[in-house]
Amino acid sequence: MSEHSGQQGITMDVPQHGRYLTFKLIAGEAGNIERVKQSIKSASAIVKDHSCVIGFGTQVLQLLDAKIDHSLVFPNFVSQGISIPATSDDIWVWLRGEDPGELLHISHQVSAELGSCFEVSSIVDGFKFKEGRDLSGYVDGTENPEGDDAVEAAFSDAGESYVAVQKWQHNLEYFASLKQQDQDHIIGRRLSDNEELDDAPISAHVKRTAQESFTPQAFMLRRSMPYSEGNQAGLIFVCFANSPMPFKQQLARMVGREDGVTDGLFRFSRPLTGAYYWCPGVKSGRLDLSKLSID
Ligand code: HEM
């Protein structure tokens, strides 16, 4: 049995509150490799339980000469009048908890630890809506794999994971203006009881993304959370997998690259950002940063 496991916060259910931070390497710091390593090491010490998940982007991996198994090039598809943005940041942190005040304080701590080499590039606060619904009202996460299947989908043997993160902005007024059946057909499930609809159109989101319908099958562990910022609101879509492939396969079908049919979701929502990050595994209770040459 492997002595590695995945970061705890990935396997656990979504918390009541979340805070997403991204960081960029400060221009001019790329030459200070030892300082970069030290700040990553101190910030990573905060990832000791399920309250924080951390991932690293291409620039950090290249700078520290990390040999990971897959490329993190994000699929910025342009298809059927839809363009998927690829936006890159260097470190992604997902703080998880029950108290937004606590998350604020931990985020200051993480920012301070990284501060000598990295600056904050975005902060978004997320929350659980009801028992885990998207702001459209539909339950999100029903078909997530569970138990050993979840571990198999989300992690490599070394407990590493690839996360795809996108900030989707919803047009909730438009969605609310649609008839109930039309809404149900966008998702492919019935709002009233969350039952999957056999007669949903092929554009329905759950028909586009049915995980076992891909070759190879495209299982992933979704851990998305709604957010709202002033008048804007939507979903921070987050999915973990043992390679970047499942997300890419699904997104390709969502934008119509297989058959020209686009996902019903695009009628009321669009991604504003998109990036992959590599999430290291855990060994002896600590993040295993050996691939970043940090011990
Ligand atoms: C606005 C953004 C999105 C919203 C509101 C959304 C919402 C939902 C909802 C309500 C379900 C049905 C219940 C469930 O099984 O969770 C679902 C299923 C699913 N979604 Fe999304 N989703 C979004 C984006 C995405 C993206 C970008 C992907 C992948 C590229 C994706 C992959 C999946 C998968 C794999 C399923 C389960 C399909 C199955 O095997 O039945 N979703 N989503």
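The values are calculated or read from the model by the stated rules, or taken from the named source; none is laboratory data. Please read all numbers here as calculations on a predicted model, not as lab measurements. A quick note on method: Cβ atoms are made from the backbone with ideal geometry, for glycine too, and the neighbour counts reach across all protein chains shown. Surface accessibility is based on the protein's heavy atoms, side chains included, excluding ligands, DNA and RNA. Shrake-Rupley method; radii C 1.70, N 1.55, O 1.52, S 1.80 Å.
Taken over the stretch 152-197, the criterion of being assigned to a helix (DSSP H, G or I), over 24 Å from the mean Cα position of the chain (by Cα) and not small (Gly, Ala, Ser) is satisfied by Glu173, Tyr174, Gln180, Gln181, Asp182, Gln183, Asp184, His185.
Whenever a residue of the stretch 1-21 is farther than 21 Å from Gly281 by Cβ, its partners that are part of a helix (DSSP H, G or I) and open to solvent by 20 Å² or more (accessible area, probe 1.4 Å), lying with C-beta atoms within less than 6 angstrom and at least six residues away or across chains, give the pairs His17/Pro100.
Among the residues of the stretch 1-31, how many are open to solvent by 60 Å² or more (accessible area, probe 1.4 Å) and more than 21 Å from the chain's Cα centre (by Cα)? Residues flagged as open to solvent by 60 Å² or more (accessible area, probe 1.4 Å) and more than 21 Å from the chain's Cα centre (by Cα) within the stretch 1-31 amount to 5.
The set of residues in the stretch 144-170 that are within 11 Å of the ligand (Cβ to nearest atom) and among the polar types (S, T, N, Q) comprises Asn144, Gln166, Gln169.
Quick grid of which residues meet (1) in contact with a helix residue (DSSP H, G or I) (Cβ under 6 Å, 6 or more places away or on another chain); (2) closer than 22 Å to Met12 by Cα; (3) open to solvent by 50 Å² or more (accessible area, probe 1.4 Å); (4) not polar (S, T, N, Q):
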residue	(1), (2), (3), (4)
His170	no, no, no, yes
His185	no, no, no, yes
Asp193	no, no, yes, yes
Val206	no, no, no, yes
Pro226	no, yes, no, yes
Phe237	no, yes, no, yes
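When restricted to residues that are in contact with a Leu (Cβ under 8 Å, 6 or more places away or on another chain), open to solvent by less than 10 Å² (accessible area, probe 1.4 Å) and either not in a strand (DSSP E or B) or not aliphatic (A, V, I, L, M) (or both), the stretch 95-135 contains 5. Only one of (1) surrounded by 20 or more Cβ atoms within 10 Å (Cβ to Cβ); (2) farther than 30 Å from Glu34 by Cα; (3) touching a residue at least 40 places away in the same chain (Cβ under 8 Å) is not met by Pro244, so which one is it? Failed condition: (2). Scan the stretch 208-218 for residues that are near the ligand (Cβ under 10 Å from one of its atoms), open to solvent by 70 Å² or more (accessible area, probe 1.4 Å) and assigned to a loop (DSSP other than H, G, I, E, B) and the total you get is 1.
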